[in-house]
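A.B. asks: Pasting a structure here, questions to come.
The values are calculated or read from the model by the stated rules, or taken from the named source; none is laboratory data. Computed from a prediction, not measured in an experiment: that's the story for all the values here. Positions of Cβ are backbone-derived with ideal geometry, glycine not excepted, and every protein chain shown enters the neighbour counts.
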Amino acid sequence: MRFSEIYGNEALKARLVRMVDENRLGHALLFVEQEGMGALAFAIALSQYLNCTNRSGGDSCGECSSCRRHAHLTYPDLHFSFPISTSPKLSDSEKKTPICSYFLRDFSALVQENPYFDSHDLYTALGIENKAGAITVAEAKEIANTLSLQPYESQYKIQVIWEPEKMNSDSANKLLKLLEEPPAGTLFLLVTHKIEKMLTTVLSRCQIIRLQPEQRSNMAAILEQKFGIGKEEAMDFATISGGSVGKAFSAVENAGESGQNELLVQEMLEAALSKTLTGVLDVADALASMGKDRQKQWCVIAEGFVRKMFVTSQGLESIAFLNNDEKEFIERMVPRIKETFYSRAADALDAALRLLDSNVSAKLIFADLANRFYLYI
Ligand SMILES: [Zn+2]
């Protein structure tokens, strides 16, 4: 991955290049981003630039032996850790103590296909959908072992950790030890989506690099060029992406699935408004039977939809960015919905999202949510 192949965050490319050129790279960088902004691509491009034997014009060459192996993620001094769980893809002995190297083939196929992936994409690729991935103590030991060895050919042993916030306290403490006394030549490249869940002692050892959301017009231009879609449609997708390239790409690619999610939102609202309790609970059942990540996506989409309804109810339809289907539905519903519904529904969806990360059963969470919609509307 060359810097020039990454979409957006131009200033960051220049900053990373300067850090290498001026020999100012610390031993731990923490990239902070919203999912899909491309921090992993930046980490790989940085390693590629650092090890390229023929750099020029602020980028790696893309052709030397090191660059070619970076492209396939087979460079021997570049290591990856990420959240995992047991998977039917593992052998019986591997299932006892899973570590990331068992999943490396699937991980690298995913990165090569789409470096802007989110955790839902990762878990699907690893065959651990519906489970909560973690970076375990066994993996933290692997990291320590890897870093204790001499690099093969680089000046550095580069350890990428995707979502270090998914370390439990034991593994995070192991990481902290490594950050406090890094073996010579170690470079940590961490990518977090929830900096608030990381140990402050870990944060204090890292140089923090924040990725910026892409401007809507830039994003639309990227989408027009990549997918050959029209300007108006590209602006629609850019609007719902929140400035995340990966979200925008998957919105274009999965227009069908998110459309389905939105239909379920509409179905629940329609049933609630017509006071059909069984209809509301049917939707809740359908949601409860989905995988956890899809359930979370649904909550996010539902929140976005409720926000669009609220904005429309305030006479600000022009900034709700509705497509034709939404416009028809929302204009029909809004005059019949209580003013207080929107904020109460948004709170209920927030609560559901939080509970989905706990051990409460999805059936209960969605039955409760459905009841609230039924009562609040
Ligand atoms: Zn090169």
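A.B. asks: Write out, first by first residue and then by second, each pair whose Cβ atoms fall under 9 Å of each other, whose residues are 6+ apart or on separate chains, and whose first residue, in region 39-57, is closer than 8 Å to His70 by Cβ while the second is near the ligand (Cβ under 9 Å from one of its atoms) and in a helix (DSSP H, G or I).
C.D. replies: Ile44/His70; Ser47/His70; Gln48/Ser66; Gln48/Cys67; Gln48/His70; Asn51/Ser66; Asn51/Cys67; Asn51/His70
A.B. asks: Among the numbered criteria (1) surrounded by fewer than 16 Cβ atoms within 10 Å (Cβ to Cβ); (2) in contact (Cβ under 8 Å) with a residue 60 or more places away in the chain; (3) in a helix (DSSP H, G or I), which one does Gln212 miss?
C.D. replies: The one condition Gln212 does not meet is (3).
A.B. asks: Does Arg68 fit the bill of being out of contact with any strand residue (DSSP E or B) (no Cβ under 9 Å at 6 or more places or on another chain) and within 16 Å of the ligand (Cβ to nearest atom)?
C.D. replies: For Arg68, the condition - out of contact with any strand residue (DSSP E or B) (no Cβ under 9 Å at 6 or more places or on another chain) and within 16 Å of the ligand (Cβ to nearest atom) - is met.
A.B. asks: Where in region 82-187 are there helices (runs of 4 or more DSSP H), lying wholly inside it, with at least 1 residues that are under 20 Å from Val32 (Cβ atoms)?
C.D. replies: 104-113, 119-126, 169-180
Okay, residues lined up against (1) in the same structural domain as Leu364 (by TED's automatic domain parsing); (2) assigned to a helix (DSSP H, G or I); (3) among the β-branched types (Val, Ile, Thr); (4) buried (at least 16 other Cβ atoms within 10 Å of the Cβ):
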residue	(1), (2), (3), (4)
Ala284	yes, yes, no, yes
Ala302	yes, yes, no, yes
Thr312	yes, yes, yes, yes
Gly315	yes, no, no, no
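A.B. asks: Another one. Suppose the filter is assigned to a loop (DSSP other than H, G, I, E, B), over 22 Å from Tyr152 (Cβ atoms) and under 18 Å from the mean Cα position of the chain (by Cα); does Gly36 pass it?
C.D. replies: yes
A.B. asks: Out of all the residues in region 215-229, is one or more assigned to a loop (DSSP other than H, G, I, E, B), modelled with pLDDT under 90 and not polar (S, T, N, Q)?
C.D. replies: Checked against the condition, which is being assigned to a loop (DSSP other than H, G, I, E, B), modelled with pLDDT under 90 and not polar (S, T, N, Q), region 215-229 yields at least one hit.
A.B. asks: Here's another thing I want to ask about it. If the Cβ limit is 8 Å and pairs must be 6+ apart or interchain, which residue in region 186-198 that is more than 14 Å from Ala41 (Cα to Cα) pairs with which residue that is of a type in the set (Gly, Ala, Ser) and surrounded by fewer than 20 Cβ atoms within 10 Å (Cβ to Cβ)?
C.D. replies: Close Cβ pairs (under 8 Å, with a partner that is of a type in the set (Gly, Ala, Ser) and surrounded by fewer than 20 Cβ atoms within 10 Å (Cβ to Cβ)) amount to His193/Ser119.
A.B. asks: Only one of these is outside any loop (DSSP other than H, G, I, E, B), within 16 Å of the ligand (Cβ to nearest atom) and of a type in the set (Phe, Trp, Tyr): Tyr49, Tyr75. Name it.
C.D. replies: Going through Tyr49, Tyr75 in turn, just one is outside any loop (DSSP other than H, G, I, E, B), within 16 Å of the ligand (Cβ to nearest atom) and of a type in the set (Phe, Trp, Tyr): Tyr49.
A.B. asks: So, one more: Taking region 326-335 only, how many residues are free of Cβ contacts under 8 Å to residues at least 60 places away in the same chain and surrounded by fewer than 20 Cβ atoms within 10 Å (Cβ to Cβ)?
C.D. replies: Adding up the residues that qualify gives 6.
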